[in-house]
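The block underneath contains the structure these notes are about, expressed in structure tokens.
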């Protein structure tokens, strides 16, 4: 059985965690908080890799900067050396955001200081 945890913390939620969770549910047939004979799916308030959001873990193996298109290869991969950092391509947490969304995020973060 594969234990899957999708981060739903602030950074991950803002940068695609919901889409990752939806894609995991589509690919496994399991909703958050449920288990079947092949998969257990949970959410986390934070996995601790906020700079590489969105994140997920499969059997305690980290997958950072996950894109929905890479969910299937990640959850079906049995090679423990692959996907140590999600797709290995996106390290900028703003990479999938448009200029307006980046400004909104920066304004939000500025309000916190």
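Summed over segment 57-74, residues that are in contact with a strand residue (DSSP E or B) (Cβ under 6 Å, 6 or more places away or on another chain) and either on the phi < 0 side of the Ramachandran plot or touching a residue at least 60 places away in the same chain (Cβ under 8 Å) (or both) total 5. The criterion of at least 1 residues that are farther than 12 Å from residue 75 by Cα and under 12 Å from the mean Cα position of the chain (by Cα) is met, among strands (runs of 3 or more DSSP E) falling completely within segment 1-63, by 2-7, 39-44. Determine whether residue 98 is at pLDDT below 50 and touching a helix residue (DSSP H, G or I) at 6+ places or on another chain (Cβ under 9 Å). No.
Annotation note: of 46, 12, the sole residue that is in contact with a strand residue (DSSP E or B) (Cβ under 9 Å, 6 or more places away or on another chain) and either crowded, with 17+ Cβ neighbours inside 10 Å or within 16 Å of residue 70 (Cβ to Cβ) (or both) is 12. Going through (1) modelled with pLDDT of 80 or more; (2) outside any helix (DSSP H, G or I); (3) farther than 16 Å from residue 23 by Cβ one by one, residue 92 falls short only on (1).
The values are calculated or read from the model by the stated rules, or taken from the named source; none is laboratory data. In this text, all values refer to a predicted model and were calculated from it rather than measured experimentally. All Cβ positions, glycine included, derive from the backbone under ideal geometry; neighbour counts span all protein chains shown.
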